[in-house]
Amino acid sequence: MITIEVYNNDWFIGRIKERRPEDYMEYEFLDLYVNSHTYLRAIHIPCGSRVDMLPNSFISRGSRCPKCARVSATQQQMKT
């Protein structure tokens, strides 16, 4: 028997918990997962920024909050 995996919002949240558990509690998703090419709106809880991201980029490539990434990059640059 062939098993077909259903890609829905439950699958997406489960995938985040599995592959990026440290990020699961830092984001509140405002949209439901549609597919890997449809942007999702999310709130980055620590800084309060609204982030638009592709689900695949969030899970696989590690795309995160651009505001916090700029702060982190600036801090790294100041250390060198």
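The values are calculated or read from the model by the stated rules, or taken from the named source; none is laboratory data. As the structure is a computational prediction, the values presented were derived from the model and not from experiment. For neighbour counting, all protein chains shown are included, and Cβ atoms are generated from backbone atoms with ideal geometry for every residue, glycine included. Each accessible area value is taken on the protein alone, full model and side chains, heavy atoms only, with ligands, DNA and RNA left out. Shrake-Rupley method; radii C 1.70, N 1.55, O 1.52, S 1.80 Å.
Data overview
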{"quantity": "Filter result (acidic (D, E), open to solvent by less than 90 Å² (accessible area, probe 1.4 Å) and more than 13 Å from F58 (Cα to Cα)) within region 5-46", "calculated": "D31"}
{"quantity": "Test: I43 is part of a helix (DSSP H, G or I) and aliphatic (A, V, I, L, M)", "calculated": "no"}
{"quantity": "Inter-residue pairs, beta-carbon under 7 Å, first touching a residue at least 60 places away in the same chain (Cβ under 8 Å) and hydrophobic (A, V, I, L, M, F, W, C) and in region 1-29, second open to solvent by 100 Å² or more (accessible area, probe 1.4 Å) and part of a loop (DSSP other than H, G, I, E, B), 6+ apart", "calculated": "none"}
